[in-house]
1. Tally the residues that are without any contact (Cβ under 8 Å) to a residue 60 or more places away in the chain and either surrounded by 18 or more Cβ atoms within 10 Å (Cβ to Cβ) or β-branched (V, I, T) (or both), restricting the search to segment 205-218.
2. I need the strands (runs of 3 or more DSSP E) fully contained in segment 203-283, keeping only those with at least 1 residues that are among the polar types (S, T, N, Q) and closer than 19 Å to A109 by Cα.
3. Just to be sure I understand, how many residues within segment 181-199 are surrounded by fewer than 23 Cβ atoms within 10 Å (Cβ to Cβ) and in a helix (DSSP H, G or I)?
4. Counting just the residues of segment 236-283 that are without any contact (Cβ under 8 Å) to a residue 40 or more places away in the chain, under 19 Å from F186 (Cα atoms) and of a type in the set (V, I, T), which one comes out surrounded by the most Cβ atoms within 10 Å (Cβ to Cβ)?
5. Quick one: D202 ticks every box in (1) surrounded by fewer than 24 Cβ atoms within 10 Å (Cβ to Cβ); (2) farther than 26 Å from C184 by Cβ except a single one, so which number is it?
6. Kindly indicate whether T35 is modelled with pLDDT of 95 or more and crowded, with 21+ Cβ neighbours inside 10 Å.
7. Please go through (1) over 14 Å from the mean Cα position of the chain (by Cα); (2) surrounded by 12 or more Cβ atoms within 10 Å (Cβ to Cβ) for P85 and return the number of the only condition it doesn't satisfy.
8. Run down G221, G153 and say which single residue is surrounded by 15 or more Cβ atoms within 10 Å (Cβ to Cβ), assigned by TED's automatic domain parsing to the domain that holds L257 and not polar (S, T, N, Q).
Amino acid sequence: MTTRHRVLQKGRLLPGLAGEPDPAAYLAAQGHTFTGLVTSAVFGADAALIEALPSLQVISSFGVGTDSLDLAAAARRGIAVANTPDVLNDCVADLAFALMLDVARGVSAADRFLRRGEWHQGRFRLGQRVSGRRLGIVGLGRIGRTIARRAAGFDMAVRYHSRRPVDGVDWVHEPSLTGLAEWCDFLVVIVAGGAGTRHLIDIRVLDALGPEGFLINVARGSVVDEAALVHALQTGRIAGAGLDVFEAEPNVPAGLLGLDNVVLLPHIASGTAQTRGAMADLVHENLRAFYRDGRVQTPAS
């Protein structure tokens with residue numbers, strides 16, 4: 001006999017809780033019937049939602065970030081939590097390099113320059129070379145290591161900063177974040193979000209990066225002090241920035257919108273058909289594994 005499990009979906013992956021006119025009333029009436037929850041790094045699962053699902057056994061999240069998931073609340077209830085690591089590493093790393101190349105060479109800015117007809121008045125400004133330069137990576141997890149491997153194809157020297165050196169890698173560990181920023185030409189941020197990394201990239205780090213350095217953020221918007229970044233870009237304290245994430249998405253600071261030395265993207269690092277399909281498959285596989293074996297395939301930590 002096949003056992004059927006009710007799974008609640010939060011957010012617009014497919015029609016789910018987001019389509020309910022009164023989510024609180026729906027949870028009060030139906031919350032006890034759900035043993036599974038599908039959510040995402042964007043929509044998350046806070047303690048209140050977990051409390052509203054007294055029969056909940058498993059959470060399967062679409063995305064790698066866990067800062068929007070209350071892991072402690074889930075652990076207290078013995079609820080298994082899964083995310084979708086590894087399947088998005090390549091696309092996020094690719095986009096980090098796309099941002100690097102764009103902001104350094106002025107690709108988007110040059111496109112606007114041409115479309116405005118300004119080529120008739122003179123040549124576009126000189127850009128900066130990416131190949132052969134120095135790459136600093138803040139966070140050397142799965143995606144950070146993929147970015148570091150990509151750098152070999154650009155003949156870049158690589159160093160990284162993390163709380164402790166990573167075993168089994170040849171890249172140089174820099175114990176000081178400001179020291180890494182002083183050394184590199186491009187500083188790529190790829191650490192987890194959350195309280196522990198909030199505004200990790202502050203004015204001290206930006207000043208250390210300096211007027212010839214570029215900041216690339218493919219992590220979480222909360223990791224960068226946006227007010228300090230806007231000021232640094234406006235005053236030439238750094239050369240430019242490539243940003244895929246922001247503190248209050250989808251809201252972007254007005255001070256960034258008119259700058260030609262910053263490339264702004266709407267959080268699309270994993271946004272390819274291939275990667276999003278693989279992420280969706282892993283969300284489903286984590287649910288299947290839990291209901292079949294009592295444990296998820298890729299537990300979140």
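1. Matching residues across segment 205-218 total 7.
2. Output list reads 214-217.
3. Residues flagged as surrounded by fewer than 23 Cβ atoms within 10 Å (Cβ to Cβ) and in a helix (DSSP H, G or I) within segment 181-199 amount to 5.
4. Restricting to residues being without any contact (Cβ under 8 Å) to a residue 40 or more places away in the chain, under 19 Å from F186 (Cα atoms) and of a type in the set (V, I, T), the top hit is I238.
5. (2)
6. no
7. Looking at each condition in turn, P85 falls short on (1).
8. Testing whether each residue is surrounded by 15 or more Cβ atoms within 10 Å (Cβ to Cβ), assigned by TED's automatic domain parsing to the domain that holds L257 and not polar (S, T, N, Q) leaves just G221.
The values are calculated or read from the model by the stated rules, or taken from the named source; none is laboratory data. Since the model is a prediction, treat every value here as computed from it, not as a measurement. Cβ coordinates were reconstructed from backbone atoms using ideal geometry, including for glycine residues, and neighbour counts include every protein chain displayed.
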